[in-house]
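Novice: Before we start, here is the structure in question, set down as structure tokens.
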Amino acid sequence: MSTISKKKTDVQHLEIEATEAERRLDNFLFGRLRDVPKSRVYRMIRTGEVRVNGGRVRPEYRLCAGDRLRVPPLSRDEPRPAQVPASAAREVLESIIHEDAELLVLNKPCGMPVHSGTRRSFGVIDALRAAHPAGAVLQLVHRLDRDTSGCLLIAKNTACLRRLHEQIREGEMTKQYVTLLRGQLGNEIEVDQPLDTNARRGGERVVLAGEGKQSLTRFKPIRRFRNATLVNATILTGRTHQIRVHATSAGHPVAGDGKYGDRAFNREMRALGLRRLFLHASRIRIPGAGRLASGIDAPLPAELSDFLHRLE
């Protein structure tokens, strides 16, 4: 009869990275401690065994980049690597559009999360780690929503990760998206509107415009259709769901957006063949990064370019 060996862990002191910012504490711990019962995780938070910046917090606390997290010693099963299907690992490897000694750039597929979570057994980073040699250091530089495709940066060493995080904080990195908006957008517009990224509605996390962190998005028309406009969206800040919320607040919601969009418009687009959120991280520019200093482009996925042909 086989047995699962138990291992006593040491106290862990973790620093929250930018890619983990704004996640709930309990969800972060569920993903990190997948072999620990949820009841035990909640008990650790409730009793103060888990501390953030030296103090007690509630399970729904939203983590911030730079937070110092203490996780107590645990008797737990030996950690199991994420089970990544061979097809997913192959899809991620085939999506690499740039690689050098320090950095990978992927054209992330739509529908795949960037990391595992409570309802996700694996993500892009797990698939990459499974496909790379043992001991390879691969870390997410930033995040993309599961239903957003396009440029995703992966650092190969800690020095590169820290340098890119600094560029993000200083606003030196430029990220552009291609998105399809409802209606006719006549001219380039800027939406300068704070966003509350910790709001809840009916128990679900949402982002609300009107208060919170300063946020700025620039929308520039590329092509106009009868009842929609293809635009370049440049984010000058990087907030959760920023483009989607700003587009809706400007009266031009993103096609296929089931959370912040227009139901009637989404039904019309679906009838024409759109089966996903029309949001694609198309270009990223990193100053001082060789070839990436002038920008790298992620081609529009076939399902989106084919849909545009149908719209015409």
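Novice: If I model a spin label as a point 7 Å beyond the Cα along the Cα-Cβ vector, how far apart are those points for residue 35 and residue 158 in nm?
Specialist: Spacing of the two 7 Å Cα→Cβ label points: 2.4 nm.
Novice: Related question: Looking only at Cα atoms, what is the convex hull volume of region 86-243 per residue, in Å³?
Specialist: Values: hull volume 24.1 nm³, N = 158.
For region 86-243, the hull spanned by Cα atoms encloses 152 Å³ per residue.
Novice: Describe numerically, in nm with one decimal, the distance between label points set 7 Å from Cα along Cα→Cβ at residue 100 and at residue 312.
Specialist: Result: 3.5 nm between the two label points.
Novice: Mind checking the dipole of the chain: about its Cα centre, +1 per Lys or Arg Cβ, -1 per Asp or Glu Cβ, Debye to the nearest 20? Please report the intermediate quantities before stating the final value.
Specialist: Details: 53 positive and 36 negative charges, 214 e Å.
Dipole magnitude for the chain comes out near 1020 debye.
Novice: Now, a different point. Jot down the radius of gyration and Dmax of region 171-311, Cα atoms only, both in angstrom.
Specialist: For region 171-311, the Cα-based Rg and Dmax read 15.3, 47 Å.
Novice: Order these by the 10 Å Cβ neighbour count, fewest first: 226, 24, 267, 56. List each step's numbers first, then the result.
Specialist: Working: 226 7, 24 17, 267 10, 56 13.
Least to most surrounded, the residues fall as 226, 267, 56, 24.
Novice: Between residue 305 and residue 64, what FRET efficiency follows from the Cβ-Cβ distance if R0 is 51 Å, with the result rounded to 0.05?
Specialist: On the way: r = 38 Å, r/R0 = 0.75.
Using R0 = 51 Å, I get an efficiency of 0.85.
Novice: Here is a follow-up. Return the Rg/Rh value of region 110-195, two decimal places, where both radii are evaluated on C-alpha atoms and Rh is the Kirkwood radius. Mind dumping the intermediate values first?
Specialist: On the way: Rg = 16.4 Å, Rh = 15.6 Å.
Computed over Cα atoms, the ratio is 1.05.
Novice: Can you pick out the pairs among 38/156; 156/220; 108/156; 38/175 whose Cα atoms lie more than 29 Å from each other? Each step should come with its number before you reach the end.
Specialist: Working: 38/156 32 Å; 156/220 34 Å; 108/156 17 Å; 38/175 37 Å.
Pairs exceeding the cut-off: 38/156; 156/220; 38/175.
Novice: If we count other beta carbons within 10 Å of each Cβ, what is the order of 22, 211, 102, fewest first? Can you show the working numbers first?
Specialist: Values: 22 19, 211 10, 102 15.
Ascending Cβ contact count within 10 Å gives the list 211, 102, 22.
Novice: To the nearest 20 debye, what is the magnitude of the charge dipole of region 86-166 about its Cα centre, counting +1 on the Cβ of each Lys and Arg and -1 on the Cβ of each Asp and Glu? Don't skip to the end; give the middle numbers.
Specialist: Numbers: 10 positive and 9 negative charges, 56 e Å.
Dipole size: approximately 280 debye.
Novice: When the Kirkwood hydrodynamic radius is evaluated over all pairs of different C-alpha atoms of region 6-77, what value in angstrom, to one decimal, is obtained? Can you show the working numbers first?
Specialist: Details: mean 1/r = 0.0820 Å⁻¹.
12.2 Å is the Kirkwood radius here.
Novice: Taking residue 259 as the anchor, which aspartates and glutamates have their alpha carbon closer than 13 Å to its alpha carbon, excluding any fewer than eight residues away along the same chain?
Specialist: 145, 147, 204
Novice: Taking K and R as +1 and D and E as -1, what net charge do the other residues with C-beta under 11 Å from the C-beta of residue 156 add up to? Please list the in-between numbers first.
Specialist: Working: positive: none; negative: 99, 100, 102.
With Lys, Arg at +1 and Asp, Glu at -1, the net is -3.
Novice: Another question, then. Taking the Cβ of residue 107 as the center, what net charge do the other residues with Cβ under 10 Å away carry, scoring Lys and Arg +1 and Asp and Glu -1?
Specialist: Numbers: positive: 108; negative: 94, 297.
Counting the neighbours of residue 107, the net charge comes to -1.
Read-outs throughout are calculated quantities, based only on the coordinates presented, and are distinct from any laboratory measurement. Since the structure is predicted, the reported quantities are computational estimates derived from the model, not experimental observations. Positions of Cβ are generated from backbone atoms using ideal geometry, with glycine treated the same way; all protein chains shown enter the neighbour counts.
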